[in-house]
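The structure appears right after this line, and notes come after that.
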Amino acid sequence: MSTMSLRDYWVKTVREKIMEKKSRIVLALDKIPFVEGFDEEKLYSKCVDLLKAVEPFIVGVKVGLPLVVNYGFSLIEKIVQKYRKRLIFIYDGKVADVAHVNEVVAKRVYEVGFDLIIVHGMVGYEGGVEGVVNVARSIGKGILVLAAMSHRGAIRLNSLTMDILTEFCDVEGVVGYVLPATYPSLIKIAREFLGEDYLILSPGVGAQGAFFGTAVMFGADLEIIGRSIYESSVPREEVIKLSKIYSRLC
Ligand code: BMP
């Protein structure tokens, strides 16, 4: 890793996982389903059941504020530690504060075992995202920059996509971008602009309306899928079914 840039290292690591698992799926774990109350033991064992069922068919797990505010970071830490060798862990804090605050968040998140942190590109590098970048560089971790969003009201943000791609593409530590499957032309534009040496992860398929596989067809490496998997009463069957869609695209 020493002679490689962080981008080369993380792009290679994630793409090797894609090949190994023959999968294009990142599970967005926004909820630990089918469990009442806040008993940590119960939540942990439910979460382990879910991950045990889907782990062979997914590349990574994205965890964000929904899990942090509902269940706390200690539960998340236990889960990350248990699965970190088999899955890429992405912290989706959509970090968007000033640098010194971002730095405090990033230090703890990486220390817990997360590999990549998603930051909001719109806040800019200098005095903003810079805080996460400095921490990532010091310990060999990576950053994904959110450059557009999947919901209807994102039009204003999405008009800035090219600016965001341009600002961050040469920042050591930035290993890729998050772009929405609901606006797939943005993925295409980004892939043409960036070339192959960056990761593109894409939410918006399934519950938000884009067809599974759309983002991959437009150039994304991975699709971020939440409710379609964790709300299923048979999540393992669901990811196996999805895997078949992706295997036809590769
Ligand atoms: P679902 O498949 O249940 O719609 O979940 C999508 C996931 O992707 C959620 O975790 C959400 O935070 C994330 N996401 C999104 O939906 N749109 C974006 O533009 C950016 C996101 O990170």
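Quick note: the coordinates plus some simple rules give every number you see, no bench work behind them. For clarity, every value in this text was computed on a predicted model and none was experimentally measured. Reconstructed Cβ throughout: ideal geometry from the backbone, glycine too, with neighbour counts over all protein chains shown.
General remarks:
- The stretch 188-199, residues that are surrounded by fewer than 24 Cβ atoms within 10 Å (Cβ to Cβ) and free of Cβ contacts under 8 Å to residues at least 60 places away in the same chain: Lys188, Ile189, Arg191, Glu192, Phe193, Leu194, Gly195, Glu196
- Among the residues of the stretch 190-213, those that are more than 16 Å from the ligand (Cβ to nearest atom), assigned to a helix (DSSP H, G or I) and not charged (D, E, K, R) comprise Phe193, Leu194.
- Of all residues in the stretch 165-189, those satisfying the criterion of being part of a strand (DSSP E or B) and over 24 Å from Arg152 (Cα atoms) are Val174, Val175.
- When the stretch 18-32 is filtered for residues that are among the charged types (D, E, K, R), more than 16 Å from the ligand (Cβ to nearest atom) and buried (at least 18 other Cβ atoms within 10 Å of the Cβ), only Lys21 remains.
- Residue that is farthest from Lys21 (Cα to Cα), among those in the stretch 106-128 that are without any contact (Cβ under 8 Å) to a residue 60 or more places away in the chain and within 16 Å of the ligand (Cβ to nearest atom): Val123
- Residues that are within 11 Å of the ligand (Cβ to nearest atom) and free of Cβ contacts under 8 Å to residues at least 40 places away in the same chain, drawn from the stretch 228-238: Ser228
- In the stretch 140-161, the qualifying residues are those that are within 15 Å of Val174 (Cβ to Cβ) and in contact with a Phe, Trp or Tyr (Cβ under 8 Å, 6 or more places away or on another chain), and the one that is nearest to the ligand (Cβ to nearest atom) is Leu146.
- Restricting the stretch 43-55 to residues that are of a type outside the set (Val, Ile, Thr) and touching a helix residue (DSSP H, G or I) at 6+ places or on another chain (Cβ under 7 Å) leaves a set whose member that is farthest from Glu20 (Cα to Cα) is Leu43.
- Checking every residue in the stretch 137-151 against the condition of being hydroxyl-bearing (Ser, Thr, Tyr) and either farther than 21 Å from Val14 by Cα or touching a His at 6+ places or on another chain (Cβ under 9 Å) (or both) gives at least one match.
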